[in-house]
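The values are calculated or read from the model by the stated rules, or taken from the named source; none is laboratory data. Source: prediction; values computed, not measured. Here Cβ is always computed from backbone atoms with ideal geometry, including for glycine, and neighbour counts include all displayed protein chains. The protein model used for the area step is the full one, side chains on, heavy atoms only, and it has no ligands, DNA or RNA in it. Shrake-Rupley method; radii C 1.70, N 1.55, O 1.52, S 1.80 Å.
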Amino acid sequence: MTPTPKEKVAIQPDVATPEPAQLKNPISLEPDKRKIKKNQDTRLEEEKVKEREQEQRKQEERELQKKIEERKQEAERKETQRREEERQKALVKARLEQIKAENEARAAAAEARELAAQANAAATAAAAVRADANRRAQAMQSAVSGGGSSGRQQAQSIVEQTYWGAVAQRVKSFWVLPEMRKWDTNLLALVVITINKNGEVTRIQFDQSSNDPLFDQLVEKTIRSAAPMPRFPALMQQETTVVGFKFRPGELGNM
């Protein structure tokens with residue numbers, strides 16, 4: 001077998017490996033690293049700020065809640081104090097009303113006793129007046145039946161004395177001294193009043209002053225309050241009559 005002649009292999013010339021092209025402005029990775037680190041530091045700082053802000057808000061909320069609780073407790077304390085003060089006031093008011101009611105009851109009982117005593121005294125005085133009037137009427141009847149001018153004069157005198165007694169009873173019913181002070185029991189005023197036939201008091205004369213201006217004023221006020229007096233009875237023919245009184249504290253008598 002005839003050998004095949006070897007094919008000639010073309011030999012490529014050695015080509016030099018090109019060197020990397022040199023960049024005119026080479027880029028460094030260091031700035032990017034710094035930026036990344038700065039961003040990380042910024043985020044960390046922001047997170048810390050946020051955490052501090054959150055903690056501050058929580059602290060403010062806790063303080064606010066504490067203040068709310070304190071105000072609530074203070075309001076409850078004041079409300080409790082107010083209720084206690086109202087309760088004490090109500091107790092004091094109730095006690096004062098009780099004392100007032102007791103005083104009024106005692107005063108009413110005392111007034112009732114005084115009125116009863118006055119009623120008994122008035123009844124006794126009225127009985128005495130009626131008895132005296134009966135005696136005077138009998139005496140007058142005897143005087144009239146005796147005849148003559150002396151009998152008529154005696155009858156007229158009895159009628160006049162009876163009239164004076166009626167006037168005295170009327171004045172006495174008005175003679176009450178106010179309890180503004182303790183009156184001297186030795187006070188005495190002698191007063192003479194003139195009365196016309198219609199019962200009008202035409203004159204008030206002090207024969208003796210009590211030397212106490214207020215006492216004398218009350219004496220005169222009593223007489224004016226009692227006026228007019230009873231009209232003259234038919235047997236009293238004169239135009240006027242004169243009646244004298246002795247005024248003492250709590251007492252009235254004829255002169």
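Within segment 238-249, residues that are farther than 12 Å from I223 by Cβ reach partners that are modelled with pLDDT under 95 and assigned to a strand (DSSP E or B) with beta carbons closer than 6 Å, at six or more positions or on different chains, in the pairs K246/G253.
Every residue, every condition in (1) open to solvent by 100 Å² or more (accessible area, probe 1.4 Å); (2) outside any helix (DSSP H, G or I); (3) in contact with a strand residue (DSSP E or B) (Cβ under 6 Å, 6 or more places away or on another chain); (4) at pLDDT below 90, yes or no:
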site: Q40; (1), (2), (3), (4): no, no, no, yes
site: R43; (1), (2), (3), (4): yes, no, no, yes
site: E55; (1), (2), (3), (4): no, no, no, no
site: E61; (1), (2), (3), (4): yes, no, no, no
site: E79; (1), (2), (3), (4): no, no, no, no
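Can you tell me which residue within segment 225-255, out of those that are open to solvent by less than 80 Å² (accessible area, probe 1.4 Å) and of a type in the set (S, T, N, Q), is farthest from D184 (Cα to Cα)? The selected residue is Q238. Can you find a residue in segment 193-206 that is surrounded by 13 or more Cβ atoms within 10 Å (Cβ to Cβ), touching a residue at least 40 places away in the same chain (Cβ under 8 Å) and touching a helix residue (DSSP H, G or I) at 6+ places or on another chain (Cβ under 8 Å)? Looking through segment 193-206, at least one residue is surrounded by 13 or more Cβ atoms within 10 Å (Cβ to Cβ), touching a residue at least 40 places away in the same chain (Cβ under 8 Å) and touching a helix residue (DSSP H, G or I) at 6+ places or on another chain (Cβ under 8 Å).
Determine if segment 171-179 includes at least one residue that is modelled with pLDDT under 95, closer than 16 Å to F245 by Cβ, exposed (fewer than 12 other Cβ atoms within 10 Å of the Cβ) and not polar (S, T, N, Q). Within segment 171-179, one or more residues are modelled with pLDDT under 95, closer than 16 Å to F245 by Cβ, exposed (fewer than 12 other Cβ atoms within 10 Å of the Cβ) and not polar (S, T, N, Q).
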